[in-house]
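**Student:** Quick one: structure below, then a few questions.
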Amino acid sequence: MMAASPGLPLPLTIVCLVFIRGLSFLPTTPGRTRAHWLSSEDYSQYEEDVTTVLPRTPAPDGGPLKPCDYKPCLENQVTCSQLAASTRCLCPGFTLHSEVPDAPDLRTVSWNGSEVVVRWCAPYSYVTAYHVTIGGQERRKFGRDQRSGGVGKVEDVSMVCLVAVNDAGKSQESCKMYQYRGSSLRAGLIGGALGLLLLILLLVLLWRYKRQRKQQGSITMHNIAATQ
């Protein structure tokens, strides 16, 4: 043990002895002194040896995460992002607001007695509105939560198209050809009336033919009787 130096105060001598004794417990490594601190290379090597494990957010009941109960064809429902935030479910892949939305799925174009109604399913995209065009001309706009709507009266045969819209632009069109059922009914009635007229005409011609044959037979019998 180092003896106290006559020139040093006793407290300072004790601190020096404790410091030297602490260094003696550091493990020795070949080529490295006991008082060697970790260099930048040592930290790099340490970071390479550490495996990062991302924590997995569990479901509320502790089981695996389930798909969200989101129906793209259902009107005025809670958005999938809100469902995911409230129930910890998994949403299908949605495109971002900075991307042009995918095309919606136009399901039906039908006449409801007073106007034409279109029904569609939303794409898995960020959508702010839906636009309906008829014959290439924009007819109606609908909100992002809507999945159906009336577009007024439409000509007998027209192309009806729907696009999804957001700040990045418009999607591709989803289209269906609309044909008014009344036009086919009217065509059927006209065809039936023409067929009936044709049938009456044929019956009249047949009746006249039989009448002429009967008259000719009567004339022939009368001539035969006159010659006898």
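The values are calculated or read from the model by the stated rules, or taken from the named source; none is laboratory data. Not measured: the values here are computed from a predicted model. No Cβ is skipped: glycine too gets one built from the backbone with ideal geometry, and neighbour counts run over all protein chains shown. What goes into the accessible areas is simple: the full protein's heavy atoms, side chains included, and nothing from ligands, DNA or RNA. Shrake-Rupley method; radii C 1.70, N 1.55, O 1.52, S 1.80 Å.
**Student:** List every residue pair whose Cβ atoms lie under 7 Å apart, where the two residues are 6 or more positions apart in sequence or sit on different chains, the first residue falls within the stretch 134-146 and is among the acidic types (Asp, Glu), and the second residue, located anywhere, is modelled with pLDDT under 95 and open to solvent by less than 90 Å² (accessible area, probe 1.4 Å).
**Tutor:** So the pair list comes out as Asp145/Glu75.
The rows are residues; the columns are (1) open to solvent by less than 20 Å² (accessible area, probe 1.4 Å); (2) over 17 Å from Pro72 (Cβ atoms).
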residue: Ser98; (1), (2): no, yes
residue: Pro104; (1), (2): yes, no
residue: Ser114; (1), (2): no, yes
residue: Val117; (1), (2): yes, yes
residue: Asp145; (1), (2): no, no
residue: Gly149; (1), (2): yes, no
residue: Met159; (1), (2): no, yes
residue: Lys176; (1), (2): no, yes
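**Student:** Would you mind stating whether Lys141 is among the basic types (Lys, Arg), under 19 Å from Pro101 (Cα atoms) and within 25 Å of the chain's Cα centre (by Cα)? Walk me through it before giving the result.
**Tutor:** Details: among the basic types (Lys, Arg): yes; under 19 Å from Pro101 (Cα atoms): yes; within 25 Å of the chain's Cα centre (by Cα): yes.
When the stated conditions are applied, Lys141 passes them.
**Student:** May I ask you to list the residues in the stretch 62-80 that are without any contact (Cβ under 8 Å) to a residue 12 or more places away in the chain and either among the small types (Gly, Ala, Ser) or in contact with a Pro (Cβ under 8 Å, 6 or more places away or on another chain) (or both)?
**Tutor:** If the condition is that a residue be without any contact (Cβ under 8 Å) to a residue 12 or more places away in the chain and either among the small types (Gly, Ala, Ser) or in contact with a Pro (Cβ under 8 Å, 6 or more places away or on another chain) (or both), then Gly62, Gly63 are the ones that fit.
**Student:** With the checklist (1) in the same structural domain as Arg147 (by the TED database); (2) hydroxyl-bearing (Ser, Thr, Tyr); (3) farther than 19 Å from Asp167 by Cα in hand, flag the one item Tyr124 doesn't pass.
**Tutor:** Of the numbered conditions (1) in the same structural domain as Arg147 (by the TED database); (2) hydroxyl-bearing (Ser, Thr, Tyr); (3) farther than 19 Å from Asp167 by Cα, the odd one out for Tyr124 is (3).
**Student:** Mind counting the residues in the stretch 119-139 that are open to solvent by 60 Å² or more (accessible area, probe 1.4 Å), part of a strand (DSSP E or B) and touching a Ser or Thr at 6+ places or on another chain (Cβ under 9 Å)?
**Tutor:** Residues meeting the conditions: 2.
**Student:** Identify the single condition in (1) within 12 Å of Tyr178 (Cβ to Cβ); (2) out of contact with any Cys (no Cβ under 8 Å at 6 or more places or on another chain) that Val127 does not satisfy, given that it satisfies every other one.
**Tutor:** Of (1) within 12 Å of Tyr178 (Cβ to Cβ); (2) out of contact with any Cys (no Cβ under 8 Å at 6 or more places or on another chain), only one is false for Val127: (1).
**Student:** Another one. Taking the options Gln146, Gln179, name whichever one is within 18 Å of the chain's Cα centre (by Cα) and not hydroxyl-bearing (Ser, Thr, Tyr). Before the answer, list the steps.
**Tutor:** Details: Gln179 fails: within 18 Å of the chain's Cα centre (by Cα).
Residue meeting the stated conditions: Gln146.
**Student:** Okay, next question. Within the stretch 55-111, how many residues turn out to be modelled with pLDDT under 90, among the polar types (S, T, N, Q) and not in a loop (DSSP other than H, G, I, E, B)?
**Tutor:** 5
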